[in-house]
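Peer 1: Below is the structure I would like to discuss, written out as structure tokens.
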Amino acid sequence: MVEEKLQKVALATVGCKVNQYETQLMRERLEKLGYRVVPFSSHAEFYIVNTCTVTRSADKKSINLIKRALKKNRSTQILVTGCLVEAEWKKIKKEFPQIRIVRNRDKLRIERFLSPSNFIGEDLFIHSFSDHERAFVKIEDGCNRFCSYCRIPYVRGSTIRSKKIEDVIREISYLIKAGYREIVLTGVNLALYGKDFIPPLSLVDLLKKLLNSLSRDHKEFRIRLSSLEPHLIPDKLVDLLASSPFVCPHLHLAFQSGDDKILEKMGRGYKISQVIALVDNFKSKIPQLGLTGDVMVGFPGEDEDSFYRTCDFIKRIGFHRLHIFCFSPRPGTSAFKMKPVVRESVKKKRSNILKNLSKDLSWKFIEKFVGENLPVLIERKRDAKTGYLTGYTHNYIKVLIPFSGDDTLLSSITGKIIPVKITQANPGYALGELSYLLQFREKSYSSLLPAECVFQKGKRRFKA
């Protein structure tokens, strides 16, 4: 244990939900030993930077955090871990000789790098999620797909490592008891969960056992799935999402391109017709389904026809939110030297076109729900421009909610899932009102749900 004056530790994270989960785990292990976690902008005895290398932008953000830590105090100890370190550790160490490198395989024992005497056993579970109303839970690591543009199999490993079902249940049950009402399952390649077990299991097998266990003791929670590879989605997932009131009707698809020629060069292993068939099946069984996705612009060889086929595909699917990013040549990948190269100005132009398309599609999607009551997880953070409350529906619509109640009332609804009437559609978000707010302090969540939102016999019921 840390003795006498508490030593301060500051942590910063770049990148995906898996990285964010691992930073939370590092934080909890250090707090358990008596370290005091402070903001990264504060003075600390130790700085820990959890890096990312999925794009050049992620590399740059990671390097800037290292430089920020060095400016704080040249005598402080700086530990750098994560995927950029895994890919470029010799280069990083040469540029910043005063830092300590912690490889990915060692990051979850980070306390040993602060002091060799630190030891707290093998409890690799989180018990909260700092500054979040939803908790991310990592259930899988590793990817064996080796897409031509991606470094992840090299820095995270190509061997699939899945968390045991009983451990997933234990961790999530604890988080629900701690007050978290939305749990986001995440992994490096989430759809590959269970493929390393003997006999192999699937994500659906996990969800069934998880829901059977949790629903016996808890009634007010929801499970959201993070990014999925379209061609790896288990066949029975659609039926589970359609029937369970506890799994969010939302798919985030890492589709990357809407052009078969580009998908082949990327090494994605599927055709657009397969994704369309998959989504049509989900939509036919889940009318409220929210669809979000990842799309890359400017992959080598993407011409105007390829790009506009991607636009047409996005319209056909009806994604209501897109994560758009430009191709970055990653050293060590087969796409690093691919030709022809798309100019940066063209990438920027195409990215802006997709941003505008995403806004239009989000507006059309949200309009379907105007006048309906939807379950929204109320967040602590208010909208910066309006000061309104913010939250997300089960199908991942961002909702802004005017609120003039007192602090006591606000604290009673923050982090809770409550019914919100959607009053207006806008590009990227909805406006809503807390129709049942005044009753909330007196009654339970389930008693306040309007008939349109009540879950009965495993089915979602909504006002037509």
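The values are calculated or read from the model by the stated rules, or taken from the named source; none is laboratory data. None of these values were measured; they are calculated from a predicted model. Virtual Cβ from ideal backbone geometry, glycine too; neighbours counted across all protein chains shown.
Peer 1: Among the residues of the range 170-177, are any closer than 26 Å to LEU253 by Cα, touching a helix residue (DSSP H, G or I) at 6+ places or on another chain (Cβ under 8 Å) and in contact (Cβ under 8 Å) with a residue 40 or more places away in the chain?
Peer 2: yes
Peer 1: Filter the range 32-55 down to residues that are at pLDDT below 95 and not in a loop (DSSP other than H, G, I, E, B), then give me how many there are.
Peer 2: 1
Peer 1: Ok, one more. Step by step: first the residues of the range 56-78, then only those that are in a helix (DSSP H, G or I) and among the basic types (Lys, Arg), then the one that is nearest to ASN118 (Cα to Cα). Which residue is that?
Peer 2: LYS72
Conditions (1) in contact (Cβ under 8 Å) with a residue 40 or more places away in the chain; (2) more than 24 Å from PRO245 (Cα to Cα); (3) in contact with a strand residue (DSSP E or B) (Cβ under 9 Å, 6 or more places away or on another chain), marked per residue:
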site: LYS368; (1), (2), (3): no, no, yes
site: GLY371; (1), (2), (3): yes, no, yes
site: GLU379; (1), (2), (3): yes, no, yes
site: ASP383; (1), (2), (3): no, yes, yes
site: TYR396; (1), (2), (3): yes, no, yes
site: PRO402; (1), (2), (3): no, yes, yes
site: ASP407; (1), (2), (3): no, yes, no
site: SER412; (1), (2), (3): no, no, no
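Peer 1: Go through the range 60-114 and give me each residue that's closer than 29 Å to THR159 by Cβ and among the small types (Gly, Ala, Ser).
Peer 2: Correct list: SER62, GLY82, ALA87.
Peer 1: Another question, if that's okay. Could you figure out which of (1) buried (at least 16 other Cβ atoms within 10 Å of the Cβ); (2) assigned to a loop (DSSP other than H, G, I, E, B) isn't true of GLY269?
Peer 2: Checking GLY269 against (1) buried (at least 16 other Cβ atoms within 10 Å of the Cβ); (2) assigned to a loop (DSSP other than H, G, I, E, B), the one that fails is (1).
Peer 1: Do we find a residue being over 23 Å from ILE233 (Cβ atoms) and either buried (at least 18 other Cβ atoms within 10 Å of the Cβ) or not assigned by TED's automatic domain parsing to the domain that holds HIS231 (or both) anywhere in the range 276-298?
Peer 2: Yes - at least one qualifying residue is present in the range 276-298.
Peer 1: Could you list, in sequence order, the residues of the range 231-244 that are touching a strand residue (DSSP E or B) at 6+ places or on another chain (Cβ under 9 Å) and buried (at least 18 other Cβ atoms within 10 Å of the Cβ)?
Peer 2: ILE233, LEU237, LEU241, ALA242, SER244
Peer 1: Do you know which residues across the range 107-151 are over 24 Å from ILE183 (Cα atoms), aliphatic (A, V, I, L, M) and surrounded by 16 or more Cβ atoms within 10 Å (Cβ to Cβ)?
Peer 2: Of everything in the range 107-151, those that are over 24 Å from ILE183 (Cα atoms), aliphatic (A, V, I, L, M) and surrounded by 16 or more Cβ atoms within 10 Å (Cβ to Cβ) turn out to be ILE110, LEU114.
Peer 1: In addition: What do you reckon, is ILE92 among the aliphatic types (A, V, I, L, M), closer than 29 Å to SER226 by Cβ, surrounded by 16 or more Cβ atoms within 10 Å (Cβ to Cβ) and free of Cβ contacts under 8 Å to residues at least 40 places away in the same chain?
Peer 2: Yes, satisfied.
Peer 1: May I pose another question? Quick check on the range 391-401. Is at least one of its residues assigned to a strand (DSSP E or B), among the small types (Gly, Ala, Ser) and outside the structural domain of ARG268 (by TED's automatic domain parsing)?
Peer 2: yes
Peer 1: Taking ARG216 as the residue in question, decide whether it is farther than 19 Å from GLY318 by Cα and modelled with pLDDT under 95.
Peer 2: So ARG216 fits the description; yes.
Peer 1: Now a separate question. Could you give every pair whose Cβ atoms fall below 9 Å, whose first residue belongs to the range 207-219 and is assigned to a loop (DSSP other than H, G, I, E, B), and whose second residue is of a type in the set (D, E, K, R), counting only separations of at least 6 or pairs across chains?
Peer 2: These pairs meet every condition: HIS218/LYS177.
Peer 1: Still on this structure, I have one more. Given (1) within 19 Å of GLY15 (Cα to Cα); (2) of a type outside the set (Phe, Trp, Tyr); (3) in contact with a helix residue (DSSP H, G or I) (Cβ under 8 Å, 6 or more places away or on another chain); (4) touching a residue at least 60 places away in the same chain (Cβ under 8 Å), identify the lone condition not met by ARG134.
Peer 2: Among (1) within 19 Å of GLY15 (Cα to Cα); (2) of a type outside the set (Phe, Trp, Tyr); (3) in contact with a helix residue (DSSP H, G or I) (Cβ under 8 Å, 6 or more places away or on another chain); (4) touching a residue at least 60 places away in the same chain (Cβ under 8 Å), ARG134 violates only (3).
Peer 1: Which residue out of LYS32, LYS17, LYS8, LYS67 is among the basic types (Lys, Arg) and within 20 Å of ARG151 (Cβ to Cβ)?
Peer 2: From the options LYS32, LYS17, LYS8, LYS67, the qualifying one is LYS17.
Peer 1: Same structure again: Within the range 186-230, take every residue that is among the polar types (S, T, N, Q) and under 18 Å from GLU171 (Cβ atoms) and give me the one that is surrounded by the fewest Cβ atoms within 10 Å (Cβ to Cβ).
Peer 2: That would be ASN212.
Peer 1: Within the range 79-94, take every residue that is among the hydrophobic types (A, V, I, L, M, F, W, C) and outside any helix (DSSP H, G or I) and give me the one that is nearest to the chain's Cα centre (by Cα).
Peer 2: VAL80
Peer 1: Among the residues of the range 95-114, which ones are in a loop (DSSP other than H, G, I, E, B) and free of Cβ contacts under 8 Å to residues at least 60 places away in the same chain?
Peer 2: PHE96, PRO97, GLN98, ILE99, VAL102, ARG103
Peer 1: Take the range 316-352 and flag every residue that is part of a helix (DSSP H, G or I), within 24 Å of the chain's Cα centre (by Cα) and not small (Gly, Ala, Ser).
Peer 2: Residues satisfying the conditions are ILE317, ASN352.
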